[in-house]
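For reference, the structure is listed below as structure tokens.
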Amino acid sequence: MTGFFGRLWIEATIAMSFLREGRLQSLMITVGVAVGVAVIIFITALVQGLQSNLIENTLGTQAHIRLLPPDEVNQVLAPIAGTVQLLQEDKRPQRLRSINNWQQITTTLDQLPLLTAVSPTVSGPAFVRRGDALASVALVGTDLERYQKIIPLEKYLISGQLRVGADEVLIGSQLAKDLGVQVGSKLRLETGQQNNAVVNVAGIFELGVRELDARYVYLDLKQAQSLLSLPGGVTVIDLTVADIFEAENIAAQVGRLTSLQAESWIKTNVQLMNALSAQSLSTNMIIVFVAISVAFGIASVLSVSVVQRTREIGILRATGATRQQILRIFLIQGAVFGLLGSILGSAASYVLVWVFNTFGPGLFYIPISVKLVMVAMLLATLTGVLAAAIPSRRAAALDPVVAIRYV
């Protein structure tokens, strides 16, 4: 083992001497590798930051999974044996109804390790009136302590207090603007079922989505049940998961377990997922083409180095160096190009990201993970070794007698 490492040290020393003799070429290809690594890290971090921002803005205002009662369907009698039945069916309208045994379902879901939060809610349409102003809203009755784990309303509260119950509600900023109300104002809620109530505005929130800020009214679960004529019932069970990209698979499992309709955020945000997939694909294509250009650069420099060092290679072969040793000398050069270039490129990428985060538009923040830098450095080093494969094989194949005579 000592002999192997000793030979490897000698081969590395020879490789570095070759690099020192061709300083200008070595410097140029190292800078080229550094530029490629900086582009890979910066573009990847940029796309990851953009995707994280999009996902955070999307999931910051909705549950990862929603459980709904199954759709009501028409009961059709089976045709009499030996007859043909022609059927024209109109689908049944879906009325507001409660989830059966939702308390037991909630208790069961609380024990599932795949889920991080469970919140039963009751929601339905209503009108809110203030004087002559009338607006259509969506009532959301919930247990605030549980619901905070689904959507952190405290984070979005812009005035007032985070409090529901005792005829106190939370409303969106756009709805408050449309009705001309503020914290402490009174509103009249009308559901069209003669279950009306006068409530006080305890707080105003701003989720950042205009439609939600103009329609959502949060109130106590029991009060919402009374207004929507669903005493003791809930219409939705909201869930969150640890791995958001596994939401679709987890939704399928929970749906089978509870016999309820399970909709994940992936299913309800198909366009967003398509955009994220397109971004990831374009990023991977950029990485591949940059890696190919870096590989060709390293291969071209080492090919020239083989031609320039033909006489030295012949002398090494004549003094007892094996083909494998000559092969490793040039492979080490490729690895050195990749490693040094990746170190410089990583430093340059940190500078680029700092400039973007400090002087950029400020729409989102770009993080750089240590894992991304390590993967980029490993990729650059492996690319250097692979790019050196063909020139190194050519050098190892040189006949020592012919190489020594080469001028």
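The values are calculated or read from the model by the stated rules, or taken from the named source; none is laboratory data. Not measured: the values here are computed from a predicted model. Cβ coordinates were reconstructed from backbone atoms using ideal geometry, including for glycine residues, and neighbour counts include every protein chain displayed. In case anyone asks, the SASA skips ligands and DNA or RNA and just uses the protein heavy atoms, side chains included. Shrake-Rupley method; radii C 1.70, N 1.55, O 1.52, S 1.80 Å.
Tabulated data for the structure shown
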| item | result |
| --- | --- |
| Odd one out for residue 377, checked against (1) at pLDDT 85 or above; (2) aliphatic (A, V, I, L, M); (3) surrounded by 21 or more Cβ atoms within 10 Å (Cβ to Cβ) | (3) |
| Test result for residue 287, open to solvent by 30 Å² or more (accessible area, probe 1.4 Å), at pLDDT below 85 and not polar (S, T, N, Q) | yes |
| Every residue from region 243-259 that is at pLDDT 90 or above, within 18 Å of residue 62 (Cβ to Cβ) and not small (Gly, Ala, Ser) | 246, 248, 250, 254 |
| Residue 158 vs. criteria within 32 Å of the chain's Cα centre (by Cα) and either crowded, with 18+ Cβ neighbours inside 10 Å or assigned to a loop (DSSP other than H, G, I, E, B) (or both) | no |
| Residue within region 338-347 that is buried (at least 20 other Cβ atoms within 10 Å of the Cβ), touching a Pro at 6+ places or on another chain (Cβ under 9 Å) and at pLDDT below 90 present | no |
| Subset of region 115-138 (residues that are open to solvent by 80 Å² or more (accessible area, probe 1.4 Å), in contact (Cβ under 8 Å) with a residue 12 or more places away in the chain and of a type outside the set (S, T, N, Q)) | 125, 127, 129, 130 |
| Residue, nearest to residue 42 (Cα to Cα), within region 347-372, restricted to residues that are in contact with a helix residue (DSSP H, G or I) (Cβ under 9 Å, 6 or more places away or on another chain) and aromatic (Phe, Trp, Tyr) | 350 |
| Candidate set: region 27-62, residues that are hydroxyl-bearing (Ser, Thr, Tyr) and open to solvent by less than 20 Å² (accessible area, probe 1.4 Å); chosen: the one modelled with the highest pLDDT | 44 |
